[in-house]
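The values are calculated or read from the model by the stated rules, or taken from the named source; none is laboratory data. Being a predicted model, the structure only gives us computed values, none of them experimental. In this analysis, Cβ positions are derived from the backbone assuming ideal geometry, glycine residues included, and neighbour counts consider all displayed protein chains.
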Amino acid sequence: MTEWHFYEPRDGHRLPHDPLNAMVAPRPIGWISSVSADGVRNIAPYSFFNLVNYTPPLIAFSSMGWKDSVANIEATGAFVWNLATRDLAEAMNATSATVAADVDEFALAGLATTPSRLVALERVAASPVAFECKLTQLIRLRDRHGADLDQYLVIGEAIGIHIDTAMLEDGVYQTARARPILRGGGPADYFEVTEANLFRMRRPG
């Protein structure tokens, strides 16, 4: 017989650590670069992130609180998603620090940058994939009672996509070759995508 731990989130989980983001995991990382209206560069990781549409390609991330990334994107209408990889993990983690709005996180983390082509901001030079995005929607989230939350969903359309050609084999992108990292649960868990964990299934019909 399976024994279930059941809880209603409004009453608390009764566990040493909130299991929510450990169960919906691992989650891709939205490593978002932006720039303020005054020209201050910003880069920060968001684990509530994903691709949400093919055509046009839309990506979305959710911010707990009105953070610099959200303010910058609202002001400029643009951002870049940079793929976080195992080689860049420590630098990515450094950009998660809470710092003043006038601090350049690229410099803080020692990240080399390269210009974007279609948006007026920079991307991580060593990241093998980057999406240049234009803001399409910025939504304040609500609970089931209609009360506003201090949580903001940012959706952007990828208008330019950079791929390191070393990630391609016969024109097919090799997911594991980039060694992407994903957020797990708890205070410090991450996972790396490797070829050893690959399995294939084709859709029926």
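Which residue is modelled with the highest pLDDT, if the candidates are limited to the stretch 1-23 and must be surrounded by 11 or more Cβ atoms within 10 Å (Cβ to Cβ) and under 20 Å from residue 184 (Cβ atoms)? Step through it out loud before you land on a result.
At the first step, the residues of the stretch 1-23 found to be surrounded by 11 or more Cβ atoms within 10 Å (Cβ to Cβ) are 7, 13, 17-22.
Narrowing further to those that are under 20 Å from residue 184 (Cβ atoms): 13, 17-22.
Working: 13: 96, 17: 88, 18: 88, 19: 89, 20: 88, 21: 86, 22: 86.
In this case the residue turns out to be 13.
Among the candidates 126, 120, 166, 196, which residue alone is in contact (Cβ under 8 Å) with a residue 24 or more places away in the chain, assigned to a helix (DSSP H, G or I) and in contact with a helix residue (DSSP H, G or I) (Cβ under 9 Å, 6 or more places away or on another chain)? Can you show your working first?
Working: 126 fails: assigned to a helix (DSSP H, G or I); 120 fails: assigned to a helix (DSSP H, G or I); 196 fails: in contact (Cβ under 8 Å) with a residue 24 or more places away in the chain.
166 is the lone residue from the list that is in contact (Cβ under 8 Å) with a residue 24 or more places away in the chain, assigned to a helix (DSSP H, G or I) and in contact with a helix residue (DSSP H, G or I) (Cβ under 9 Å, 6 or more places away or on another chain).
With of a type in the set (D, E, K, R) and in contact (Cβ under 8 Å) with a residue 60 or more places away in the chain as the only criterion, which of 41, 14 stands out? Spell out how you get there, then give the answer.
Values: 14 fails: in contact (Cβ under 8 Å) with a residue 60 or more places away in the chain.
The match here is 41.
Please go through the stretch 104-117 and give me each residue that is surrounded by 12 or more Cβ atoms within 10 Å (Cβ to Cβ) and in contact (Cβ under 8 Å) with a residue 24 or more places away in the chain, ordered by number.
Kept after step one, since they are surrounded by 12 or more Cβ atoms within 10 Å (Cβ to Cβ), are these residues of the stretch 104-117: 104-106, 108-109, 111, 113-114, 116.
Scanning the stretch 104-117 gives 104, 105, 106, 109, 111, 113, 116.
Is one or more of the residues making up the stretch 38-60 over 12 Å from residue 133 (Cβ atoms), of a type in the set (D, E, K, R), under 16 Å from the mean Cα position of the chain (by Cα) and assigned to a loop (DSSP other than H, G, I, E, B)?
No: zero hits.
Within the stretch 1-37, how many residues turn out to be among the aliphatic types (A, V, I, L, M) and over 30 Å from residue 81 (Cα atoms)?
First, pick out the residues of the stretch 1-37 that are among the aliphatic types (A, V, I, L, M): 1, 15, 20, 22-25, 29, 32, 35, 37.
In the following step, the residues that additionally are over 30 Å from residue 81 (Cα atoms) were identified as 1, 15.
Qualifying residue count, the stretch 1-37: 2.
Which condition from (1) exposed (fewer than 13 other Cβ atoms within 10 Å of the Cβ); (2) within 22 Å of residue 120 (Cα to Cα) is the one that residue 60 breaks?
Of the numbered conditions (1) exposed (fewer than 13 other Cβ atoms within 10 Å of the Cβ); (2) within 22 Å of residue 120 (Cα to Cα), the odd one out for residue 60 is (1).
Taking the conditions exactly as written (more than 14 Å from residue 127 (Cβ to Cβ), hydrophobic (A, V, I, L, M, F, W, C), modelled with pLDDT of 95 or more and surrounded by fewer than 19 Cβ atoms within 10 Å (Cβ to Cβ)), does residue 75 satisfy them or not?
Values: more than 14 Å from residue 127 (Cβ to Cβ): yes; hydrophobic (A, V, I, L, M, F, W, C): yes; modelled with pLDDT of 95 or more: yes; surrounded by fewer than 19 Cβ atoms within 10 Å (Cβ to Cβ): yes.
Criteria met by residue 75.
What about residue 194, is it surrounded by fewer than 14 Cβ atoms within 10 Å (Cβ to Cβ) and farther than 25 Å from residue 58 by Cβ? Before the answer, list the steps.
Working: surrounded by fewer than 14 Cβ atoms within 10 Å (Cβ to Cβ): yes; farther than 25 Å from residue 58 by Cβ: yes.
Judged against the criteria, residue 194 is a match.
Is it the case that the stretch 165-183 has a residue that's at pLDDT 95 or above, of a type in the set (Ser, Thr, Tyr) and surrounded by 16 or more Cβ atoms within 10 Å (Cβ to Cβ)?
There is no residue in the stretch 165-183 that is at pLDDT 95 or above, of a type in the set (Ser, Thr, Tyr) and surrounded by 16 or more Cβ atoms within 10 Å (Cβ to Cβ).
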